[in-house]
Amino acid sequence: KGKMFKTSDVQPGDDIIMTKYAGLEGTAIIASDFSGELSLTEQERKELARIKESLSVVKDGRIAAETDGIHAMHDITEGGVLGAVCEMCEASGTGARIDLSAVPVLPLTSRVCTKYGLDVYGLISSGSMMIAARNGNRIVEAMRANGIPATVIGKAGGQGVYDLSSGQKRAITPYPADELYKVLER
């Protein structure tokens, strides 16, 4: 209440924090609509139910807003992790160095992406939030203390958005369409 955090307020030097997991909403949609093709196990059905219950970022936003050092927040919707990072950086006029190997992915999401040939980083991820803050570890601790998984996945600054997970600098660009459409349009 009384605070506003915009996508366009990322500052060079900010840590980039992600709550929850990549591809949450995409997994919920695909695993629900194509459960027969996937032959979900009982454990996967339980995981799917937990995913469906986690598709809001209201709690994430409230916790972040109460923690000092937050500059920007952005819910990770269509375009997934790649889209969210690129949107935040473009709107803020800064770049970022991201470690995509640090982005958390649930086992069911991995299986869905493997089966349908999807890039998890471009899959709609409603329920997850991208946060830019001066002290990312403080945000991660606050989230985890409230039962929300969170991970520092990179740092803002420089020009362009790059993935450093392979040990080399690889440019990141968002996909022209969300990976979800590869499944829905087939």
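Nothing in this text is a laboratory measurement; each read-out follows from the coordinates by a stated rule. The structure displayed is predicted, hence computed values, not measured ones. Note that we place each Cβ from the backbone using ideal geometry, even for glycine, and neighbour counts take in every protein chain shown.
Relative to the longest principal axis of the Cα atoms of the chain, helix 136-145 runs at roughly 50 degrees. Ellipsoid semi-axes for the range 34-90, based on the Cα gyration tensor and the rule √(5λ), read 30, 17, 7 Å when sorted largest first. Taking every DSSP helix (H) stretch of at least 4 residues in the chain, weighting each as -39,500 (n - 2.57) and dividing the sum by the residue count yields a mean residue ellipticity at 222 nm of -11000 deg cm²/dmol.
Measuring against 30 Å, Cα to Cα, the residue pairs K46/K169; K59/K115; K46/K115; K52/K115; K6/K115; K46/K155 contain K46/K169; K59/K115; K6/K115; K46/K155 as the ones spanning a longer distance. A full extension of the chain between S110 and A91 corresponds to an added length of 3.8 nm, given 0.36 nm per residue minus the alpha carbon distance.
Largest GNM mean-square fluctuation across E66, E42, E90, computed for the chain with C-alpha springs under 10 Å, falls on E42. Each part gets one Cα centre, and for the range 93-158 versus the range 45-91 those centres are 8 Å apart. Extending 7 Å from the Cα toward the beta-carbon at both K6 and Q168 defines two label points whose distance is 3.8 nm.
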